[in-house]
Amino acid sequence: MDIRASKGITVGQSNEHQRRWSEKGWDSAVSTGNYDRSREALNFEIKKGGIVSAVDKRKSIPQLMAENLAERGIKDPNEGRETPKYRTVVNFILGGTRERMLEIAFGNQKVDLAKGADNSHIKRSPDIERWAQDMYRFASDKWGEENIVAFIVHLDETNPHIHMTLLPIDKDKKFAFKKMFAGKDKYEYKEIMLALHDELAKVNEKWGLKRGNSIAVTGAKHRTTEEYRRDLTEQCTTLEGQIEENKKILKQLYDDIRFAEKRVKGLTTMTLNLEQRKEELEKEIATVNEELKNGKGNSEELHERIKKLDNDLQKVLDNLADKQAKLEHANGQLDELKSLKDKAKELTNQYQQQLRASTTNLTQQVRFRLADVLLDDLIRDFKMILPTLSLDTKEAMSDSLLRDMAEHGEEIIKCAIFLYANMVDQATNFAKGHGGGGGGSDLPWGRKDDEDDRAWARCLMMAHRMMKPSGKNMRR
C-alpha cells in the first residue's frame, strides 16, 4: 500500500489512471513506459456497491471529484486559489508481489511481459475482481464509500495494482486529511500508518499477500519493486518511496535518540545528587552516633535525631535504587535506538544504490538523476511568480534555462531522455516537432559509467539548446 496526499489531481494523472489517451498519447506512453495495450481491455473499475465495471472514460477524475463535492454540498477549499493550499486528495496504490498479483489476475495463463508482446488472448481471472472488491469494501468501511472518487484496477502493466482516488472528508463533511491520516504529530502518524498496514494485511491474508516486517528493524524489503511506468510527472518508484519512508524513520529515530539522551542525562544528574545526599546523611548519622557514644547532648533528642536521619536515608536509598533502575533501562533504550538508527541508515544507503543499479524504467531513472540538478521546487516557485514579473525582467531572462524549464520543462526533459538513451535523431525530431530548432550533435550521448550526475546533466543543457525555437519555427 502506497499513500500519497496531494492538493488536487491533474488531468494528466486522470488520463493515465483511466487510459484516456489519444492514439498519439498511447504511442508516447508505450514508447516511454511499460504499458501493454493488448491487455488494456482487461482493466476495470469498482463502482458504488462494489460493482465491477469497465473503466468509464466519459468524465475525468477531476470532473468526478467536482460532481461528488457538489452533490454533497461541500466546497473544495482550493477553489479559486492561484496556488492550492490544502490536501484534498489521497492517492492510493494497492498491490503486492509481482508473482502473486499476476497469479491472482490471470491464474495459470502465461503472460508475455516483453515490450510489444501480444497478450490479446489473455482473459481476466474472477479472483482479481474479488480481491479488488475486498479492497473496495476495506476502503469503504474505513473512510466512507462516498469519499471514493475513482477505484481503477490496472492489468496492462508489469504488476497488477489498484489506483484509488479518495477525498479525506470526515463525518462532519469537512476536509480533514491531518485528522484522518497524519495525526497530531509524527509519532501519531507512525502509529496510524502501522495500524493501517496491519488492518489491510488481515484482509489480504486469504489472498496470500502478507505484510512484511519493519524494514527499519529487519532490513527486509516488503515486496518486489512495483514497476509502475509513469510519464515524466508521475509518481516515483516503490524504491524511491522506501527511501523516503526510511528517511522519515531515520529522522524520527534521531529525535527519539535526542530525547533518550536528555532522559539519560537527567537521570544521571538525579542519581549523582541522590548519591551525594546519601553520603551527607551517612556522615551526619555517624556524627550523631559519636556524640551519643561520648555522652554529649540530650540522649533522647539524639536518638530521635538518629531515627529521623535513618528514615531520610531510607527514602534516599529507595529513590536512588529507583533512579538507578530507570537509568539502566534508559541506557538500554538509547543503545537500542542507536542500533536501529545505524540499521535504518544502512538500509537507506542500500536502497539508494539499488535504485541506481536495478531500475529498468528509463524515464523514472532520468527524472531521479535530474532531480538533484533541476531543483524542482525552485522551478515551480519561479513558475508561479513568472506572470508577475515586468516585461523588461522577462526579456532579460528570455534565454535562461530557469524560464524555459518553467514554461516548457516537460518537453525539455523528454528531449534530454532521448539524448540520455543516445537516440540523437529522435531527440532532434522531437525538438523540431515541438517548436524547437533541433540542432542535434553527432557526439555520443547517454550517461557514461564514470560520469557523475552533474556532468551527465550535459544532456539537459543540450536538450535546452535543441528546444530553442529557430527563426522560422517560433513557438506560439
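The values are calculated or read from the model by the stated rules, or taken from the named source; none is laboratory data. This structure is a prediction, so every number in the text was calculated from the model and none was measured. Don't worry about glycine lacking a Cβ; one is built from the backbone with ideal geometry, like all the others, and counts go over all protein chains shown.
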Hey, does the stretch 95-107 have a residue that's of a type in the set (G, A, S), at pLDDT below 95 and touching a His at 6+ places or on another chain (Cβ under 7 Å)?
yes
The one condition in (1) within 27 Å of the chain's Cα centre (by Cα); (2) crowded, with 17+ Cβ neighbours inside 10 Å; (3) free of Cβ contacts under 8 Å to residues at least 40 places away in the same chain that I93 fails to fulfil:
(3)
Restricting the stretch 33-53 to residues that are β-branched (V, I, T) and over 27 Å from the mean Cα position of the chain (by Cα), the one farthest from K123 (Cα to Cα) turns out to be I51
Considering (1) surrounded by 14 or more Cβ atoms within 10 Å (Cβ to Cβ); (2) closer than 30 Å to K190 by Cα, say which one M270 fails and leave the rest.
(2)
Please verify whether the stretch 40-55 includes one or more residues that are modelled with pLDDT of 90 or more, part of a helix (DSSP H, G or I), over 27 Å from F138 (Cβ atoms) and not aliphatic (A, V, I, L, M).
no
When the residues of the stretch 46-63 are filtered to those that are surrounded by 18 or more Cβ atoms within 10 Å (Cβ to Cβ) and in contact with a strand residue (DSSP E or B) (Cβ under 8 Å, 6 or more places away or on another chain), which remaining residue is farthest from N159 (Cα to Cα)?
I61
Might you let me know whether the stretch 112-129 holds any residue that is of a type outside the set (K, R), assigned to a loop (DSSP other than H, G, I, E, B) and on the phi > 0 side of the Ramachandran plot?
yes
Being within 30 Å of N68 (Cβ to Cβ), among the small types (G, A, S), surrounded by fewer than 18 Cβ atoms within 10 Å (Cβ to Cβ) and at pLDDT 90 or above: is that true of A176 here?
yes
Tally time: how many residues in the stretch 117-138 are modelled with pLDDT under 95 and out of contact with any helix residue (DSSP H, G or I) (no Cβ under 8 Å at 6 or more places or on another chain)?
0
I'd like to know if the stretch 79-90 contains one or more residues that are hydrophobic (A, V, I, L, M, F, W, C), in a strand (DSSP E or B) and over 28 Å from the mean Cα position of the chain (by Cα).
no
Please note which helices (runs of 4 or more DSSP H) are completely contained in the stretch 352-458 and include at least 2 residues that are at pLDDT 75 or above, of a type in the set (S, T, N, Q) and not assigned by TED's automatic domain parsing to the domain that holds E157.
424-433
